[in-house]
Amino acid sequence: MDNRIVSRLTDLLGEDRVLTKPEDLLVYGYDATPMMHETPGCVLFPDSTEQIGAILRLANAERIAVVTRGSGTGLSGGSIPVPHCIVVCTVRMDRILEIDRANLTARVQPGVLTAKLDEAAKACGLFYPPDPGSIKISTIGGNVANNSGGLRGLKYGVTRDYVMALEVVLASGDILRTGTACMKDVAGYNLKDLFVSSQGTLGVITEILLRLVPKPASKRTLLATFPSIQAAAETVSSIIAEPIVPCTLEFLDRMTISCVEDYAHIGLPLDCEALLLMETDGHPLVTEEEARAMERIAREHGALQVQIAKDDFEAERLASARRSASPALARVAPTTILEDATVPRNRLAEMVTFIQKTAEKYQIRIGTFGHMGDGNLHPTFLTDERNTDEIHRVEQGFAEIFEKAIALGGTITGEHGVGLAKKRFLPALIGQVGLNVHREVKRAFDPNMILNPGKIFD
Amino acid sequence: MNRSQLSDFAANHSMLKDLDYSILQQCIHCGMCLPTCPTYDATKLEISSPRGRIALMRAVADGKLETSQTFAEEMYFCLGCLACETACPAGVNYNHLIETARVEVEHAGALDSVKRNLLRNFFLSWLFRSRWRLRFAARLLWFYQRLGIQALLRRSGAMKWLPKTWRDLEALTPTISDSFTSLDRVPALSSSRRVGLLIGCIQDVAFAHVNRDTIYVLEQNGCEIVLPLEQACCGSLHAHNGDLEGARAQARRNLDAFDVDLLDAIIINAAGCGSQMKHYDRLLENDPVYMQKAKVWSKKVRDITEYLVEIGFRKPQSDPASHGTALLAYHEACHLVHGQKISAQPKEILKSLPHYTWVELPEAAWCCGSAGIYNITHPDMATTLLERKISHIMSSGAHVLASANPGCTLQILAGLKKQGMNVRVEHPVSLLADAYRNE
Ligand SMILES: Cc1cc2nc3c(=O)[nH]c(=O)nc-3n(C[C@H](O)[C@H](O)[C@H](O)COP(=O)(O)OP(=O)(O)OC[C@H]3O[C@@H](n4cnc5c(N)ncnc54)[C@H](O)[C@@H]3O)c2cc1C
Ligand code: SF4
Ligand code: SF4
């Protein structure tokens, strides 16, 4: 990067907040997305909104691309640098500014780790529900910019449902504040929602006001296995029709079950096609009754086995079956590509079956697990990036899976974002008009195209 | 190999390039290890995180990065605490990676300086290659400590004329035991278990009583104990400092000293040594002579706490009236909890002790900063970690702290002393031995 720019940035932030050594730049070249790497021009660690404002003013005047980065755990390549860009890393803006028990809100800086917020909320008897698998290291800024989900989406929703207000630095360096601490607020356009899942393409989020909820008093956990995916899917539909709204309804297919058992030795039966992890939380009397009802429904649909956890320890053991899914698959092959095609709940069985057929057709290995309650699947491709022939078949495979998801009325990504990884599939989903509107919105916020250019769409 | 041969070798050879690539590839850069890494926690810099270090190693293996000074410094800024291995969902063998990367650094001579090379030669190629040299050096230190020279120097204020690093070092020198571990075979009192005991180096000269307590506890549990005279230092110091050849030499000497086929287990009571000894199989995998023996050895190595629980150790008896209320906490040595995944066993032993009340130590599995010779090479980071550990010990209110690694014990004792805190630090096996003696 141009020395003149580096020295101006150093004047702004101080020497230790500007990285330019090749070794330093190299390690900001990736996020958690497989097979992507690009070297930035420099990496900055601002610690205030004002500093970010000054950085963006400079970048905008000099037409230098800016890529915002939290912890770099994204799975769609959102924080992969653009060549020679400035990376703005938020990890030093990591203060929880306020937990307001009267209004049930938390005001945080973007670099706060999701788990730290959850701990702080729990210490006040409250609870922050969105729990992505990366909760221990992902940042709230990244969660908002990706609209991250988690295991509790069915009952509690996703990050968007908790964002009440945002402070955002725009490409011009101006500071926008949108949203309030009011549960009801219809003043003007709902601008804050534009920034949720914008992946750093519209502005840099510098402060977030989040909604918290009271901590549920109890939880019951069940695990059931089924002879077919249909049986599991119908169980899910019947539970929801009962009507019960469990906080978790997670699914593992046969391939995933056998990898999990190999890795975690939980004692899962291997002669089944599908496994459901079900959890209900709330008042103890209600969770007790709902757990019984879920057990009954699972049995009515031909469950091979249903276990209800007797205590927290056993609940933990059962839940570990689901939590081990992605690590267990990751150990099987050198490269794992985790996708998140999502379909309406009633098309789930069809989608899972299609994924299995696609794996056979292209002679590739895919393990599928995911959030059955909200239709969000994680077909996970087990491959080796050095095997170009196989990678080619993998790419054909996931193109077909995305097409099918769209045909079933679903989407190409339920929670990881489009980023770079799914950019080429977006037009088919949103159409020409959708694409035009995206471009107009982008131009309105960022006329010089400096914010994370080339992500989501061109 | 001499130095010039070494640099020829380095010029057309890279340890990281030779490494099985799938070990590097196993890292899916998910970042789950970041919050557990003490150096990332302190700096918030990706380069000082496990994920960042592995990315650098991979870049070297790919020929995209030189074995630069920055690379080298980063490989040694790592504590080798292996907290990242525990956190890693993908099963990355970080220990293997960091050892290989450090050999790479040494081959490339990226950190060479006259002073560093002299010190390395003294410690790795001379002092820790022979038990008798080490015992001799320890005896000199003992004279210094016992003849009042140390007290005199400390009292006279002469210490302040020493450079700061020397003063810090002086504070960390272990108090040498009056007598070292006796290397006589201990016959079984009763049953038929026969075990070998590796007496370690620091454990032997500074904590010889821990070895005596280990022998006593094993005896009490019906074991015959074999202590070969020819046994050597485990080689962890060599392996952690980029001298795998030195580590192999030590391993071979131990394989020669112990007749593994005649032993039920080889017992070790220092976490760092155990972690290393369990890897002799990998270390010697290309050695046709020792490979087979190393495999058997690695299968039979047991930490003392692990072994006691495995054989169903005898719970100490006591009169309920004499039960004490002293608070007991446990510091989890990195190379026990992360390096060997041993955590439940020492706690089971400690909770069986009648004279204590158990308290949890916050962040018990967070490195104390000792990390082999890290507290000497990186005093600032080590001190930060030590202060964190000491503040947790203080908040736990513990009167006694159990620690199963001599390096940790020394480090924590130095920290407690600096704070003027009166907390006893003991190996779990010593506390168990006391309980047996008080029955
Ligand atoms: C093991 C693992 C499990 C995961 N589990 C889940 C899961 O269950 N559910 C789920 O939804 N995701 C999951 N993810 C994906 C990922 O963790 C989330 O997307 C997370 O929110 C990313 O946070 P981050 O801090 O790492 O952001 P980064 O990856 O650094 O950034 C993500 C995107 O947000 C932008 N961004 C970051 N901070 C800001 C800011 N302050 N202002 C503007 N833009 C910003 C970046 O430019 C980028 O486009 C998982 C990832 C891993 C590795
Ligand atoms: S060994 Fe410890 S210091 Fe080194 S990378 Fe792993 S966690 Fe960090
Ligand atoms: S947790 Fe394991 S796979 Fe993930 S970044 Fe760390 S070392 Fe790599």
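The values are calculated or read from the model by the stated rules, or taken from the named source; none is laboratory data. Since this is a predicted model, take the numbers as computed values, not measurements. No Cβ is skipped: glycine too gets one built from the backbone with ideal geometry, and neighbour counts run over all protein chains shown. To get the accessible areas, we keep the full protein, side chains included, count just its heavy atoms, and leave off ligands, DNA and RNA. Shrake-Rupley method; radii C 1.70, N 1.55, O 1.52, S 1.80 Å.
Rounded to whole Å and ordered largest first, report the semi-axes of the equivalent ellipsoid of the range A:41-90 derived from its Cα gyration tensor (root of 5λ).
18, 14, 8
Given Cβ point charges of +1 (Lys, Arg) and -1 (Asp, Glu) and nothing else, what value in debye, to the nearest 20, does the dipole of the range A:3-89 about its Cα centre take?
Here the size comes out at about 260 debye.
Could you sort the residues of the range A:323-354 by number and keep only those whose accessible area is reduced by 50 Å² or more in the all-protein-chain setting relative to the chain alone, 1.4 Å probe?
A:Arg331, A:Pro334
When all protein chains stay in place, what accessible area (Å², nearest 10, 1.4 Å probe) is found for B:Ser275?
0
Measuring from the lowest to the highest alpha carbon on each principal axis, how far does the range B:326-437 reach, largest first, in angstroms?
40, 32, 23
Simple spin-label model, 7 Å along Cα-to-Cβ: A:Lys310 to A:Gln432 in nm?
Placing both labels 7 Å along Cα→Cβ, they lie 6.6 nm apart.
Where the accessible area of the range A:80-156 is counted over protein heavy atoms with a 1.4 Å probe, how much of it, in %, is carbon and sulfur?
49
Roughly what angle does helix A:312-323 make with the longest principal axis of chain A, taking Cα atoms, 0 to 90 degrees, to the nearest 10?
70
Got a sec? Charge dipole of chain B, +1 on Cβ for Lys and Arg, -1 for Asp and Glu; which of B:Pro50, B:Ser430, B:His238 is way out at the positive end?
My answer, from the dipole projection, is B:Ser430.
Tell me which residues come under 5 Å, amide H to amide H, from A:Val87 once H is placed; ignore anything under 5 positions away on its chain.
A:Gly41, A:Cys42, A:Val43, A:Leu44, A:Val67
For the range A:300-325 and the range B:244-265, compute the distance between their C-alpha centroids and round to whole Å.
Result: 45 Å between the Cα centres.
Work out, in µm²/s and without decimals, the Stokes-Einstein translational diffusion coefficient of chain B at 25 °C, 0.890 mPa s, Rh from Kirkwood over C-alpha pairs.
108
Rounded to the nearest 0.05, what FRET efficiency do A:Gln396 and A:Arg443 have when you use their Cβ-Cβ distance and R0 = 45 Å?
0.85
Compute the helix-to-body angle for A:426-445: its Cα long axis versus the longest principal axis of chain A, expressed 0 to 90° and rounded to tens.
30
Return, for the Cα atoms of chain A, the radius of gyration and Dmax in Å, separated by a comma.
For chain A, the Cα radius of gyration and maximum Cα-Cα distance read 22.5, 71 Å.
Given a 1.4 angstrom probe, what's the average accessible area per residue across the protein assembly as shown, in square angstrom?
Per-residue value: 41 Å².
Using the basic label-point model (7 angstrom from Cα toward the beta carbon), what is the A:Leu285 to A:Arg4 distance in nanometres?
Spacing of the two 7 Å Cα→Cβ label points: 7.5 nm.
If the limit is 26 Å between Cα atoms, which of A:Lys215/B:Lys351; A:Lys423/B:Lys44; A:Lys310/B:Lys299; A:Lys184/A:Lys215; A:Lys21/B:Lys64; B:Lys17/B:Lys115 go over it?
A:Lys215/B:Lys351; A:Lys423/B:Lys44; A:Lys310/B:Lys299; B:Lys17/B:Lys115
Enter the Cα centre distance for the pair the range A:390-412 and the range B:301-366, rounded to the nearest angstrom.
Here the answer is 53 Å between Cα centres.
How high is the FRET efficiency between A:Asp11 and A:Arg296 when r is their beta carbon distance and R₀ equals 45 Å, given to the nearest 0.05?
Result of the calculation: an efficiency of 0.05.
Quick check: residue separation of B:Glu387 and B:Glu363 times 0.36 nm, minus the Cα distance between them. What number comes out in nm?
Stretched fully, the B:Glu387-B:Glu363 segment lengthens by 7.4 nm.
Which cross-chain or sequence-distant (5 or more) residues have an amide H under 5 Å from the amide H of B:Ala232, H modelled 1.01 Å from N in plane?
B:Asn254
Arranged from highest to lowest average of other beta-carbon atoms within 10 Å per residue, in what order do the peptides A:136-144, A:291-299 appear?
Going by the mean number of other Cβ atoms within 10 Å, highest first, we get A:136-144, A:291-299.
Can you give the mean number of other chain Cβ atoms that lie within 10 Å of the Cβ atoms in peptide A:18-27?
6
Counting alpha carbon pairs within less than 8 Å and at least 6 residues apart, what relative contact order, in whole percent, applies to chain B?
14
Along the charge dipole of the range A:262-326, which of A:Leu285, A:Ile308, A:Pro269 sits closest to the positive end, that is, farthest toward it, with unit charges on the beta carbon of Lys, Arg, Asp and Glu (+1, +1, -1, -1)?
It is A:Pro269, whose Cα lies furthest towards the positive end.
When all C-alpha to C-alpha distances in the range A:388-458 are sorted into bins of 10 Å, what percent of pairs does each bin hold, rounded to whole numbers?
Taking every Cα pair in the range A:388-458, the percentages come to 18, 44, 28, 10, 0.
Quick one: with all protein chains in place, what share of the accessible area of chain B is carbon or sulfur, to the nearest percent (1.4 Å probe)?
Carbon and sulfur atoms account for 57 percent of the accessible area of chain B.
Taking the range A:96-214 on its own, what percent of its Cα-Cα pair distances exceed 16 Å?
57
Could you sort A:266-273, A:415-422, A:184-191 so that the peptide with the highest average Cβ count within 10 Å comes first and the rest follow in order?
So the order, starting with the most tightly packed, is A:415-422, A:266-273, A:184-191.
Which percent, nearest 5, of DSSP beta bridges in the protein assembly as shown are antiparallel?
In the protein assembly as shown, approximately 65 percent of DSSP beta bridges are antiparallel ones.
Measuring from label point to label point, each 7 Å out along Cα→Cβ, what is the A:Glu360 to A:His84 span in nm?
In this crude label model, A:Glu360 to A:His84 measures out at 5.2 nm.
Enter the accessible area of B:Asp380 (Å², nearest 10), with the probe set to 1.4 Å and all protein chains included.
Approximately 120 Å² for this residue.
Assuming a ≥ b ≥ c are the square roots of the Cα gyration tensor eigenvalues, decide whether the range B:3-108 counts as rounded (a/c under 1.5), prolate (otherwise, with a/b larger than b/c) or oblate.
Prolate, because a/c is 1.5 or more and a/b exceeds b/c.
What order do you get for B:122-130, A:316-324, A:253-261 when each peptide is scored by the mean count of other beta carbon atoms within 10 Å, highest first?
A:253-261, A:316-324, B:122-130
To the nearest 20 debye, what charge dipole does the protein assembly as shown have about its Cα centre, counting +1 at the Cβ of each Lys and Arg and -1 at the Cβ of each Asp and Glu?
1800
For peptide A:381-389, compute the average count of partner chain beta-carbon atoms within 10 Å of each residue's beta-carbon.
Other-chain Cβ atoms within 10 Å of each residue's Cβ, averaged: 1.
Residues of the range A:80-112 that become at least 40 Å² less accessible with every protein chain present than in their own chain isolated, using 1.4 Å: which are they?
A:Val91, A:Arg92
Could you work out the mean count of beta carbons from other protein chains within 10 Å of each residue's beta carbon in B:39-45?
3
What aspartates and glutamates does A:Lys136 reach when the alpha-carbon gap must be under 18 Å and sequence neighbours fewer than 8 apart in one chain are set aside?
A:Asp31, A:Asp94, A:Asp118, A:Glu119, A:Glu316, A:Glu415, B:Asp41, B:Glu46, B:Glu85, B:Glu363
R0 = 22 Å: FRET efficiency of A:Glu62 with A:Lys21, Cβ-based, nearest 0.05?
For A:Glu62 and A:Lys21, the calculated efficiency is 0.50.
Where does the charge balance sit around A:Phe369 when Lys and Arg score +1, Asp and Glu -1, over other residues with C-beta under 12 Å from its C-beta?
Net of charged neighbours comes to -1.
State the Cα centre-to-centre distance between the range A:345-380 and the range A:26-98 in whole Å.
Using only Cα atoms, the two centres lie 34 Å from each other.
Going 7 Å from the Cα of B:Glu66 toward and past its Cβ, which residues in the range A:6-42 have a backbone nitrogen under 19 Å from where you end up?
Label zone hits: A:20-27.
Hey, if you put +1 on the Cβ of every Lys and Arg and -1 on every Asp and Glu Cβ in the range A:96-214, which of A:Leu126, A:Phe195, A:Thr105 ends up farthest toward the positive end of that dipole?
Comparing the listed Cα positions along the dipole, A:Leu126 ranks first.
Can you give the helix-only mean residue ellipticity at 222 nm for the protein assembly as shown, where every DSSP H stretch with n ≥ 4 adds -39500 (n - 2.57) and the sum goes over all residues, rounded to the nearest 500 deg cm²/dmol?
So the calculated ellipticity at 222 nm is -13000 deg cm²/dmol.
Compare B:Ser318, B:Ser298, B:Ser177 in a GNM of chain B, Cα atoms joined below 10 Å, and give the one with the largest fluctuation.
Ranking B:Ser318, B:Ser298, B:Ser177 by mean-square fluctuation puts B:Ser318 first.
Ignoring ligands, DNA and RNA, how much accessible area is buried between chains B and A, both sides summed, with a 1.4 Å probe, to the nearest 100 Å²?
The buried area between B and A, both sides summed, comes to about 2400 Å².
Counting residues in the protein assembly as shown as N, plug N into 2.2 N^0.38 Å and put the Cα Rg over that result.
Taking N as the residue count of the protein assembly as shown, the ratio is 1.01.
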